[in-house]
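A.B. asks: The structure that follows is given in the form of structure tokens.
The values are calculated or read from the model by the stated rules, or taken from the named source; none is laboratory data. Since this is a predicted model, take the numbers as computed values, not measurements. Here Cβ is always computed from backbone atoms with ideal geometry, including for glycine, and neighbour counts include all displayed protein chains.
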Amino acid sequence: MSSREESVITPLPSRRRFLQQLGLGAGALGFSMFGGLALPQSALAVCEPPGNPGTAKRWRKDCRMILPRRPASTLSSDELKKLKEAYQAMRALDTSDPSDPRGFKRQANIHCWYCGEGTQVHFSWQFFAWHRAYLYFHERILGKLIGDMNFRLPYWDWDSPAHRTLPAGYTSPNDNSNPLWNGTRDMSPTDEIPNEDVGDSVMDAALTAGTFAEFGGTAGGSGIPEGAPHGSVHVDVGGDMGFFDSAGKDPIFYVHHSNVDKIWSDWNKASSTHTNSTDPAFLNLTWTFFDENKVWRSMTAAQVLNHENQLRYLYGPSKFFELLPCLLDWIVIRTDWRISKTLKVVRQTRDKMAKVLEQGGRARLHLTDLSLPLDKSAVYRLYATPETAKADEGPSGKGYLGTFPIVLNDRAGRHTSKQARNMVVNLSTPMLDALSGAQGPVRLALVERKGKNHNPTVIPVRAKDVHLTIAEVEREDK
Amino acid sequence: MTRRVVFLVLSLIASLSMPAHADEEKHHFTVALPAQWEDATRIRLVLEGLTVPGDRPLKLRVTTVTDEQQTMVLGSAGIVAERRTRSEPQLLPTFRIDVTQSLKALPKRREGEQHLTIEIQAVDGRNVPLTDIDWSAENVRLETKQK
Ligand SMILES: [Cu+2]
């Protein structure tokens, strides 16, 4: 038994204690005692270990954009659709490839294994950090399955009195056509979590816990919020949520724990004295998970303490500013514009850039020293071809790449600025497709943005240089 | 895995020898009110040596009856069960329930009162008492954190 297992409560230590109560020390656990009783493991195990026994690769630095996890009640219909698609895809893996560790059952079994069957991360300081790591990989897998690494889990903000029922998406429709549904819940769609379980006095008790030991627990005991509100909500939802071995089978688990994780985040922010444990025994706690590419990864408690910088999400309503991603390097992709004055994005380049975008990275188009009419202030739209420029369908239309304003510096209509007019466009995947010639030969063109029904004059792009850049957001540690 | 088999067999023997039901009085406790509890920033009920079923999710709900014969809820906290098929109990060395706001909101206590009588009930998600389960705590006490 490792020292980590010694420090937690159940089931292994309870077995030992139990045996001691019966007068049997650990030494009495001779296998010959019940020699004939050995059963195959599968006959007894509720769930198998979630991972492969090989050496886990270290978790990679994550430099995707920092994006908000938002209250489940605020998701737009598109976002809810995406969430359901992600869980649908995860559930589909259960049948299409039961050995895929990203499947829903396999995901649920992680909780089963870590919470009783193999070890126990509850009732100790492992609780908050382990669940944060578990949700992080779960979130990445969901994102990967819908091809959007900018996907972030929502959270069920049961602490706000208006949101005490199960979030609508998880009960509507209230049958198995809904991938967010679970048929074992005790809570009906109209039932509410009792105020005494998640109300102000409970939240106040959690957020004002004075030390990490009181809030997050110790090596051998839980902190205040693990019982209430966390445990209470598990019991209130009921069904699979009431048991460690099955809680992960209810998709509500992940939005519930997202809110529990937010409480940890809020506790840290509530006071400068609310700091996490610096005990190396805590910081070096290490767990292993499969990532979105089925790579077996290890992650430590120290690696999850700052969810914004390390795990790339924040809580709260979407802020008006965009937090800068910690882009590792910008890699320049040269073109032969200087010679041919045309842009050719070959398939290989397009695919490479698309992959970076899928990971949550950035791809950009740069136009250097752009020539534009300088006799008036105007806003120009850039398109991939003269035809799409002529059609001028705007930001969500065909061939659109970006908008570029020319502002006159004085009323006399003179541009006094000597700065080169350089245009930088953040590319999306459809824009990449437009640039790679999917809609005809690429001949960059501008039109002046005016009201509807104008007959736009198409201006071919004249620029000293046109090139592309990409910024990968993650790579293996050296 | 053989150890698991041994354990299951042993726990089966033990569960047969455990009392089937708890008597009513077992879950009434008289706890000492710590000195200057009214000034404490946090007051918590500490349950030590807690044994709950491994196969029943429950909340432990703490109440007290006021002089006016009103039942007041002091606090409540949930315990996730290990699994539906677990026969052995779940043991928690310490389990804390915050009672700060509720205790301070109680009607004025009698001068010099040093103890509080409480009842702790195991309830389900709808706060319906679970009368058919057995749970116990070796010790129950109040703990305070001062500024
Ligand atoms: Cu939980």
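A.B. asks: For residues that are part of a loop (DSSP other than H, G, I, E, B) and buried (at least 16 other Cβ atoms within 10 Å of the Cβ), tally how many sit in segment A:70-99. Break it down into steps so the answer makes sense when it comes.
C.D. replies: In the first step, residues of segment A:70-99 are kept if they are part of a loop (DSSP other than H, G, I, E, B); the result is A:70, A:75-76, A:97-99.
Still in the list and also buried (at least 16 other Cβ atoms within 10 Å of the Cβ): A:70, A:75.
Result for segment A:70-99: 2.
A.B. asks: Tally time: how many residues in segment A:261-294 are closer than 23 Å to A:Pro50 by Cα and under 17 Å from the mean Cα position of the chain (by Cα)?
C.D. replies: Initial filter on segment A:261-294 (closer than 23 Å to A:Pro50 by Cα): A:261, A:282-294.
Pick out the ones that are also under 17 Å from the mean Cα position of the chain (by Cα) and you get A:261, A:289-294.
The total comes to 7.
A.B. asks: What about A:Ser232, is it over 24 Å from the mean Cα position of the chain (by Cα), surrounded by 24 or more Cβ atoms within 10 Å (Cβ to Cβ), within 14 Å of the ligand (Cβ to nearest atom) and hydroxyl-bearing (Ser, Thr, Tyr)?
C.D. replies: Working: over 24 Å from the mean Cα position of the chain (by Cα): yes; surrounded by 24 or more Cβ atoms within 10 Å (Cβ to Cβ): yes; within 14 Å of the ligand (Cβ to nearest atom): yes; hydroxyl-bearing (Ser, Thr, Tyr): yes.
Spelling it out, A:Ser232 is indeed over 24 Å from the mean Cα position of the chain (by Cα), surrounded by 24 or more Cβ atoms within 10 Å (Cβ to Cβ), within 14 Å of the ligand (Cβ to nearest atom) and hydroxyl-bearing (Ser, Thr, Tyr).
A.B. asks: Got a sec? Which strands (runs of 3 or more DSSP E) wholly within segment B:56-118 have at least 2 residues that are hydrophobic (A, V, I, L, M, F, W, C) and surrounded by fewer than 19 Cβ atoms within 10 Å (Cβ to Cβ)? Walk me through it before giving the result.
C.D. replies: Numbers: elements: B:58-65, B:71-79, B:90-98.
Of the strands (runs of 3 or more DSSP E) lying wholly inside segment B:56-118, those with at least 2 residues that are hydrophobic (A, V, I, L, M, F, W, C) and surrounded by fewer than 19 Cβ atoms within 10 Å (Cβ to Cβ) span B:71-79.
A.B. asks: List the number of the failed condition for A:Met187; all other conditions in (1) within 16 Å of the ligand (Cβ to nearest atom); (2) over 20 Å from B:Ser76 (Cα atoms) hold.
C.D. replies: For A:Met187, the exception is condition (2).
A.B. asks: Of a type outside the set (Ser, Thr, Tyr), outside any strand (DSSP E or B) and within 16 Å of the ligand (Cβ to nearest atom), is that true of B:Gly125?
C.D. replies: Details: of a type outside the set (Ser, Thr, Tyr): yes; outside any strand (DSSP E or B): yes; within 16 Å of the ligand (Cβ to nearest atom): yes.
For B:Gly125, the condition - of a type outside the set (Ser, Thr, Tyr), outside any strand (DSSP E or B) and within 16 Å of the ligand (Cβ to nearest atom) - is met.
A.B. asks: Follow-up. Of everything in segment A:120-170, what is among the basic types (Lys, Arg) and either within 16 Å of the ligand (Cβ to nearest atom) or away from chain B (no Cβ under 14 Å) (or both)? Give them in sequence order. Full working, then the answer.
C.D. replies: Quick first cut of segment A:120-170, residues among the basic types (Lys, Arg) only: A:132, A:140, A:144, A:152, A:164.
Matches in segment A:120-170: A:Arg132, A:Arg140, A:Lys144, A:Arg152.
A.B. asks: In addition: Answer with yes or no whether A:Ala247 is in the same structural domain as A:Ile141 (by TED's automatic domain parsing), more than 24 Å from the chain's Cα centre (by Cα), under 30 Å from B:Val123 (Cα atoms) and not β-branched (Val, Ile, Thr).
C.D. replies: On the way: in the same structural domain as A:Ile141 (by TED's automatic domain parsing): yes; more than 24 Å from the chain's Cα centre (by Cα): no; under 30 Å from B:Val123 (Cα atoms): yes; not β-branched (Val, Ile, Thr): yes.
No; evaluated as a whole, the condition is false for this residue.
A.B. asks: Sticking with this structure for a sec: Can you tell me which residue within segment A:239-276, out of those that are under 13 Å from A:Tyr315 (Cα atoms) and out of contact with any strand residue (DSSP E or B) (no Cβ under 9 Å at 6 or more places or on another chain), is farthest from the ligand (Cβ to nearest atom)?
C.D. replies: A:Lys269
A.B. asks: For a quick check of your reading of the model, give me the residue pairs whose first member lies in segment A:243-259 and is within 12 Å of chain B (Cβ to nearest Cβ), whose second is away from the ligand (no atom under 11 Å from the Cβ) and among the aromatic types (Phe, Trp, Tyr), with beta-carbon atoms closer than 7 Å and at least 6 apart or on different chains.
C.D. replies: A:His256/A:Trp156
A.B. asks: Go through (1) within 16 Å of the ligand (Cβ to nearest atom); (2) closer than 28 Å to A:Lys57 by Cβ; (3) within 14 Å of chain B (Cβ to nearest Cβ) for A:Trp287 and report which single condition fails.
C.D. replies: Failing condition for A:Trp287: (3).
A.B. asks: Next up: Does A:Glu117 count as modelled with pLDDT under 90 and within 16 Å of the ligand (Cβ to nearest atom)? Lay out the reasoning, then the answer.
C.D. replies: On the way: modelled with pLDDT under 90: yes; within 16 Å of the ligand (Cβ to nearest atom): yes.
Answer is yes for this residue.
A.B. asks: If you don't mind, another one. Just checking, which of A:Glu192, A:Glu226 is of a type in the set (D, E, K, R), within 14 Å of another protein chain (Cβ to nearest Cβ) and either crowded, with 24+ Cβ neighbours inside 10 Å or touching a Pro at 6+ places or on another chain (Cβ under 6 Å) (or both)? Explain how you work it out, then say what you get.
C.D. replies: On the way: A:Glu192 fails: either crowded, with 24+ Cβ neighbours inside 10 Å or touching a Pro at 6+ places or on another chain (Cβ under 6 Å) (or both).
It is A:Glu226.
A.B. asks: Of (1) crowded, with 18+ Cβ neighbours inside 10 Å; (2) touching a residue at least 40 places away in the same chain (Cβ under 8 Å), A:Asp186 satisfies all except one. Which?
C.D. replies: Tallying (1) crowded, with 18+ Cβ neighbours inside 10 Å; (2) touching a residue at least 40 places away in the same chain (Cβ under 8 Å), A:Asp186 fails exactly one: (1).
A.B. asks: Okay, moving on. The conditions are (1) of a type in the set (Asp, Glu); (2) crowded, with 24+ Cβ neighbours inside 10 Å; (3) assigned to a loop (DSSP other than H, G, I, E, B), and A:Glu292 fails exactly one of them. Which is it?
C.D. replies: (2)
A.B. asks: Is it the case that segment A:101-111 has a residue that's part of a loop (DSSP other than H, G, I, E, B), in contact with a strand residue (DSSP E or B) (Cβ under 9 Å, 6 or more places away or on another chain) and more than 16 Å from the ligand (Cβ to nearest atom)? Steps first, please.
C.D. replies: Just the residues of segment A:101-111 that are part of a loop (DSSP other than H, G, I, E, B), to begin with: A:101-103.
Subsequent filtering for residues that are in contact with a strand residue (DSSP E or B) (Cβ under 9 Å, 6 or more places away or on another chain) retains A:101-102.
Applying the additional criterion that residues be more than 16 Å from the ligand (Cβ to nearest atom) yields A:101-102.
Yes.
A.B. asks: Now, a different point. The conditions are (1) farther than 21 Å from A:His234 by Cα; (2) part of a strand (DSSP E or B), and B:Pro34 fails exactly one of them. Which is it?
C.D. replies: Looking at each condition in turn, B:Pro34 falls short on (2).
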